[in-house]
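A.B. asks: Here it is, the structure in full.
Derivation of every value follows stated rules applied to the coordinates shown; laboratory data play no part. Note that the structure is a prediction, hence the values are computed from the model and not measured. Backbone-built Cβ (ideal geometry, glycine too); neighbour counts: all protein chains shown.
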Amino acid sequence: MKHMLLSLAIGAAYAALPAHAQEQDMARIAAQPAVKQALAYLEKNETTTTANTLAINAIPAPTFAEGARARDYAERLKAAGLQDVQLDGAGNVLGTYRGSGKGPLVVLAAHLDTVYPAATDLTVREKDGRYYAPGIADNARSLAAMLAVAHALRDARIRTVGDVLFVANVGEEGLGDLKGVKHLFSQRKDIKAFVGLEPALGADGDPVTYIGTGSRRFKATIRGPGGHSYEGFGLPSAVHAAGRVIARIDDIRVPLQPKVTFNVGVVQGGQSVNSISAESSMLIDIRSADAAVLAKVEQQIKDAIQQGVADTNQRWNASAGNTISAELTLIGDRPAGQMGKDAFIVKTALAAATVQGRPALLDSAHSTDANLPMSLGVPAITMSGGGSSGGYHSEKLEWWSARNAHTGPQNVMLTILGLAGMDGVSAPLAK
Ligand SMILES: [Zn+2]
C-alpha cells in the first residue's frame, strides 16, 4: 500500500515535469522573481499598450512611406531605454537590448507598414468591445506589443545573455516584398533566431506560426494599337482583352490541399470613355506553402493571359501590327519556408505558453517577414502581439480586441528570454 502510494506520487511528480529542454529552461526562467515582475508589468500596463496601439495606428504608414511612423517609433524605443536606436539604410528602426555579450543575437520584429494609402481615414470606432480601424491589428498592435516587451524587460532589470535586436521594419506588405527584412539580413549575418509579430486571425489564444506561405506576384501589362472609339472601331482594345484574361483566370480550379490561392488585385487601363484602350494592366498574387503547386498555378495563369489575348485578337480579326500583346513582370517573390514542429524555436515559443498554463497553439501557414529567415535557414517564427482580431486589409472591417491581450506580449517576452538566454539562469536556446 505504501509502495503504491509512493509510486503514484512519483508518477504524478514525473508527469508534472517539463517534457523537454526548452520547457525546463522556460519553467526556470518563468520562476525568476524578475521575470514574474515583468510578466505582471505587462498585464498591469495593458491599458498603456492598448493606448500605444491606437497612437501608433494614428500615424499613416503605407508601404514605401513609413517614415513618419518610423521616426515616431524610434523615439518610443529610445524612451523604452533601448540602445543604439537608429534608422538603417532601408528605413527600418533598430534598437538593441544589451545582453551580457556572450550570447547569440535574437531579433524581435514587427512591420511598420500598412496596406492602406496615405489618405485613408484612420479614425477608430469602438463597437461591442472591438476597435475598428484600418491597420489597428496589422500591424499597430504588434508594434505596441514589441514596445511593451522592451519596457517590461527594463522595468524588471532583466539581463539577457545574447543581445535582443528590436526591429520595426518597412516593406512587409504588398509590393514591399519583404524589403525591410531582406535589407536587415543582407546587413547582419549574425542573427541566430527571428521572432516576427503579426495579428492572429480571429484567435482565442496566441498561436505560433512556423510555416511561411510563399508567394509570386506579377504585373501583366496588355498593349494594343489604341484608337478612337468610333473612327477606330474594329481595333482590339487592351481593356477588353483584360476582361477576357480575368475571366479565364477566374475560371482556374485549384485543389483544396495543398492550399493554393490566386487573386487579381488591381486593374488599371484606358485613357477616356471614347478611346479604344492602348494599354491595361493588372496585379496578380499567387500563394502556397507548396512550391510545386504554386508553380503549377503560375503556369495556368500565364496560359490564361496568353489565351485571353489571343481570343481578343481573334474576335476582332486583328491585322498584323494592330494586335494585342501581353508582357509579364515579376513584382514579388516571397520564398516559401518552414520550420519543423519540433524545431527549438517552435518548442521554445510553445513552452512559453505552457509554463504559464496556456494552450500550446500552432497556426496554419502565413506569408510574413519570417518567410525570409526561414528560406535562409535562420530559425524563425511568427507570434501574436495579443488580443483577437480580424478583417485585415479591409478598410471598413479591420478590428482588434484588447480582451486578454496581455498574454501576447507575455508569451513573446518569455520566448525571447528563452532564445537569448537569461544571465545566471538559463543558457541561450538559440545557437
Ligand atoms: Zn502584417
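A.B. asks: Straight-line reach from residue 296: which lysines have a Cα under 24 Å away, not including same-chain ones fewer than 8 places off?
C.D. replies: Leaving aside lysines fewer than 8 places away in the same chain, those within reach of residue 296 are 219, 259.
A.B. asks: Right, something else. Convex hull over the Cα atoms of the chain, averaged projected area in nm²? Before the final figure, lay out each step's value.
C.D. replies: Working: hull surface 101.8 nm².
With the hull built on Cα positions only, its mean projection is 25.5 nm².
A.B. asks: In the stretch 314-419, which trypsin sites (Lys or Arg not before Pro) are in a loop and have at most 14 other Cβ atoms within 10 Å, using DSSP for the loop call?
C.D. replies: On the way: sites: 315, 341, 347, 396, 403; in loops: 341, 396, 403.
Sites meeting the loop and neighbour criteria: 341, 396, 403.
A.B. asks: What's the lysine pair count for the stretch 40-188 at a Cα cut-off below 29 Å, pairs eight or more apart or interchain? Could the numbers behind the result be given before it?
C.D. replies: Details: 44/78; 44/127; 78/102; 78/179; 78/182; 102/182.
Lysine pair count for the stretch 40-188: 6.
A.B. asks: Given 291, 240, 262, which one lies farthest toward the positive end of the charge dipole of the stretch 214-334, if we put +1 on the Cβ of every Lys and Arg and -1 on the Cβ of every Asp and Glu?
C.D. replies: 291
A.B. asks: Residue 362's amide H: which non-local residues (gap 5+, or another chain) put their own amide H closer than 5 Å, with H modeled 1.01 Å from N in plane and none for Pro or chain starts?
C.D. replies: 208
A.B. asks: Further question: Could you grab the relative contact order for the stretch 214-334? Cα pairs under 8 Å, six or more apart, rounded to a whole percent. Numbers along the way, then the final one.
C.D. replies: Details: 258 pairs, mean separation 53.7, N = 121.
The value is 44 percent.
A.B. asks: Separate question: What is the order of 215, 388, fewest Cβ neighbours within 10 Å to most?
C.D. replies: Details: 215 20, 388 24.
The fewest-first ordering by Cβ neighbours comes to 215, 388.
A.B. asks: Next question, about the same structure. With the convex hull built on the Cα atoms of the stretch 93-214, state its orientation-averaged projected area in nm². Don't jump to the answer; show the numbers that get you there.
C.D. replies: Numbers: hull surface 37.9 nm².
Computing the convex hull of the Cα atoms and averaging its projections yields 9.5 nm².
A.B. asks: Over the Cα atoms of the stretch 214-334, what radius of gyration and what Dmax do you get, in Å?
C.D. replies: My reading of the Cα-based Rg and Dmax gives 15.4, 51 Å.
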